[in-house]
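> Questions regarding the structure given below will be posed in turn.
What follows draws every value from the coordinates through simple rules; no lab data is involved. Quantities reported herein were computed from a predicted structural model and do not represent experimental measurements. FYI the Cβ positions are ideal-geometry reconstructions off the backbone, even for glycines, and counts take in every protein chain you see.
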Amino acid sequence: MDLFDAADDLHFGDLHITNDPETGLQAIVGLHSLELGPAIGGCRLYRYSDSDAALRDVMRLARGMTYKAAISNLPHGGGKAVIVEPEDYDEEDRRQMFAKFGQFVDSLGGDYITCEDVGTRVDDMNVVHNHTDHVLGYDPDAGSSGDPSPFTAYGVRRGIEAAAKFRWDRDDLEGLHVAIQGVGSVGYYLAGELHELGCELTVADVDDDAVDTCVAEFGARRAEPGDILAVDCDILAPCALGAVINDNSLPQLNCEVIAGAANNQLAEARHGVELRERNIDYAPDYAINAGGLINVAQEYRGYDEQTARKKTSAIYDTVLQILQRASRESVPTNLVANRIVEERVYGQALA
C-alpha cells in the first residue's frame with residue numbers, strides 16, 4: 001500500500017502512531033476529517049497480520065466514521081483507533097497498555113474522542129478515562145452511558161423497519177425471516193429486538209455459546225458461519241466484520257434486503273451496483289448502524305437517554321430517504337448515501 005495514494009483516495013486527514021515497548025502498545029489513530037467537529041470513533045483491538053493491514057483498517061474505518069457522523073447530522077468528524085493485539089499478555093498487561101493508550105489520546109488535545117469497538121470493552125475505557133477526558137462509553141457509575149451496543153442494535157432495527165416499509169410497504173416485521181451473521185454484543189441485542197417484533201430468526205457465529213443463547217432465548221434457528229449468507233430469507237443482517245458482500249458471496253445471496261450492523265459491508269463500492277442489479281435493497285452500513293455513535297455523541301454534550309433514543313429512532317427516516325432517493329435516481333444506495341454525506345462535509349459530491 002502506498003500510504004499517500006491511499007490517503008488521497010480516501011480524502012484523508014491525519015495519522016498518529018505510537019509505539020511503546022514498555023507496555024507493548026502499538027497503536028494508530030486516524031483522523032479522517034475534523035470539518036464538522038472533533039472526531040469520535042471507537043478503539044479496535046485486533047491481531048493484525050502486519051502494519052499495512054492495521055493502517056488500511058484504521059483509514060477505512062475512520063472514513064466510515066466521518067460518513068456515519070455526517071449522515072446522522074452530528075457535529076463531529078470521523079476518527080478511529082486500532083491497537084495491534086500482542087501475542088501474549090495478561091489482564092495487568094492489558095491495563096498498562098490501555099493506560100498508555102489513554103495518554104496517547106490525551107496528547108491529541110481533543111481532536112479525537114475514543115470509545116469501545118471490536119475487541120475492547122467498558123473496562124478498557126474505564127482505564128483510558130483515568131488518563132484523558134476524551135473518552136466515552138466508560139462505566140455508567142462514573143457518569144458515562146456505558147455499552148453502546150443496545151443503541152446500535154435499536155438503530156439497526158429501525159433501519160430494518162424502514163427497509164420493510166420501502167420494500168413491502170409494511171409497517172410491521174411480523175413473520176419476516178431475518179438471518180443474522182454474528183450474534184455477539186450488537187447482533188445479540190438485535191436478535192432480541194427482532195424477536196419481540198415477531199421475526200423468524202436464523203443466526204450464525206463463530207462462538208457456539210452465542211448461537212446457543214439466541215436459540216434458547218429467541219427460538220432462533222442455527223446456521224453454520226460459512227452458510228449464513230446463503231440462507232433463504234427476507235432480510236440478511238451482517239453484524240460481524242466487514243467486506244462480507246464480495247465477489248464470492250454475491251452469487252450465494254438469497255435475500256431481498258441487506259440491513260445489518262457491520263461496518264464496511266461492501267468489499268468494494270462496485271458491489272453496491274451488483275446488489276442493485278440483483279434487485280437486493282441495501283441499507284448502507286454507516287447510516288443504519290449509527291445508533292451507538294449517536295448515543296455517545298449525546299453523552300459528549302450532557303447525556304440524556306430519551307434524547308439519545310429519539311435521535312437513534314430517526315435512523316428510520318435516514319434509511320427510508322436513502323432507499324427512496326436511490327430508487328428515484330436509479331443508482332445504488334451506497335452512492336446516494338455518499339452523496340448526501342459529501343454534500344454536507346465538502347459542499348459537493350466527490351464523484
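> Among rounded, prolate and oblate, which fits the range 156-306 when a ≥ b ≥ c are the square roots of the eigenvalues of its C-alpha gyration tensor, a/c under 1.5 means rounded, and a/b larger than b/c means prolate?
rounded
> Then there is this: For the range 216-283, would you read off the P(r) tail past 14 Å as a percentage of all alpha carbon pairs?
Roughly 58 percent, once rounded to a whole number.
> So who's got an amide H within less than 5 Å of the one on I258, skipping anything under 5 residues away but keeping other chains? H placed 1.01 Å off N, in plane.
Sorted by chain and number, the residues that satisfy this are L236, D281, Y282, A283.
> Hand me the tally of lysine pairs in the chain: alpha carbons under 26 angstrom apart, and the pair either on different chains or 8 or more positions apart.
Taking the chain as the scope, the lysine pair count is 9.
> Now for a separate question. Can you show me the helix-derived [θ] at 222 nm for the chain, built from DSSP H runs with n ≥ 4 at -39,500 (n - 2.57) apiece and divided by the number of residues, rounded to the nearest 500.
Numbers: 13 runs with 154 residues, N = 351.
The per-residue figure over the chain is -13500 deg cm²/dmol.
> Treating only the Cβ of Lys, Arg, Asp and Glu as charged (+1, +1, -1, -1), what charge dipole size does the chain show about its Cα centre? Round to the nearest 20 debye.
The calculation lands at about 1420 debye.
> While we're looking at this one, here's another question. Output ³J(HN,Hα) for the range 50-60: one whole-Hz value per residue in order, computed from phi by the Karplus curve 6.51 cos²θ - 1.76 cosθ + 1.60 with θ = phi - 60°, and x for Gly and Pro.
Once θ is set to phi - 60°, the couplings for the range 50-60 become 6, 5, 4, 5, 5, 4, 4, 5, 5, 5, 5 Hz.
> Turning to a different aspect of this structure: Suppose we keep just the DSSP beta bridges with both residues in the chain; what percent of those would be antiparallel, to 5?
In the chain, DSSP labels about 30 percent of beta bridges as antiparallel.
> Grab the beta carbon distance between R344 and D247, set R0 = 41 Å, and tell me the FRET efficiency rounded to 0.05.
0.85
> Would you please classify the overall shape of the range 218-351 from the alpha carbon gyration tensor, given that a ≥ b ≥ c denote the square roots of the eigenvalues, rounded means a/c under 1.5, and beyond that prolate means a/b larger than b/c while oblate covers the rest?
Since a/c reaches 1.5 but b/c is at least a/b, the shape of the range 218-351 is classed as oblate.
> Using 11 Å as the cut-off for backbone N distance, which residues of the range 45-63 belong to the label zone defined by a point 7 Å from the Cα of S107 along Cα→Cβ?
Residues passing the 11 Å test: none.
> Enumerate the amide H contacts of V135 below 5 Å, restricted to partners 5 or more residues apart or on another chain; note that Pro and chain-start residues carry no placed amide H.
Long-range HN contacts for V135: T114.
> Find out how many positive minus negative residues lie around Q348, taking Lys and Arg as positive, Asp and Glu as negative, among other residues whose Cβ is under 14 Å from that of Q348.
Working: positive: R339, R344; negative: E35, E342, E343.
In short, -1.
> If you don't mind, there's one more thing I want to ask. What FRET efficiency comes out for the pair L15/A269, r = Cβ-Cβ distance, R0 = 25 Å, nearest 0.05?
On the way: r = 23 Å, r/R0 = 0.90.
That gives a FRET efficiency of 0.65.
> Let me ask something additional. In the range 259-341, which trypsin sites (Lys or Arg not before Pro) are in a loop and have at most 15 other Cβ atoms within 10 Å, using DSSP for the loop call?
Working: sites: R270, R276, R278, R301, R309, K310, K311, R325, R328, R339; in loops: R278, R301.
In loop regions of the range 259-341 (DSSP not H, G, I, E or B), the sparsely surrounded trypsin sites (Lys or Arg not before Pro) are R278, R301.
> Please work out the FRET efficiency for the pair N73 and H177, using the Cβ-Cβ distance as r and a Förster radius of 35 Å; give the result to the nearest 0.05.
0.60
> What shape does the range 78-169 have by the C-alpha gyration tensor, where a ≥ b ≥ c are the square roots of the eigenvalues, rounded means a/c under 1.5, and otherwise prolate means a/b greater than b/c and oblate the rest?
prolate
> Which cross-chain or sequence-distant (5 or more) residues have an amide H under 5 Å from the amide H of R221, H modelled 1.01 Å from N in plane?
Those qualifying (amide H under 5 Å, at least 5 residues apart or on another chain) are L201, T202, V203.
> Then there's this: Only sites in a loop by DSSP and with at most 15 other Cβ atoms within 10 Å count here; which trypsin sites (Lys or Arg not before Pro) in the range 160-262 make the cut?
Answer by residue number: R170.
> Right, something else. Cα axis of helix 208-218 to longest principal axis of the chain: angle in degrees, 0 to 90, nearest 10?
50
> Once you have the Kirkwood Rh of the chain from its Cα pairs, apply Stokes-Einstein at 25 °C and 0.890 mPa s and quote D in µm²/s. Before the final figure, lay out each step's value.
Numbers: Rh = 20.3 Å.
Estimated diffusion coefficient is 121 µm²/s.
> How much length is gained on full extension from R121 to T307, taking 0.36 nm per residue of separation minus their Cα-Cα distance?
Full extension from R121 to T307 adds 64.6 nm.
> Which values, in whole Å and largest first, are the semi-axes of the equivalent ellipsoid of the range 123-234 obtained as the square root of 5 times each eigenvalue of the Cα gyration tensor?
Taking √(5λ) for each eigenvalue gives 30, 18, 11 Å, largest first.
> Can I ask one more? So if I take the centroid of the Cα atoms in the range 112-182 and the same for the range 220-293, what is the distance between those two points in Å?
18
> On to the next question. What is the sum of charges around Q298, taking Lys and Arg as +1, Asp and Glu as -1, for the other residues whose C-beta is under 15 Å from the C-beta of Q298? Working shown, then result.
Values: positive: K68, R301, R309, K310, K311; negative: D147, E299, D304, E305.
Summing Lys/Arg as +1 and Asp/Glu as -1 gives +1.
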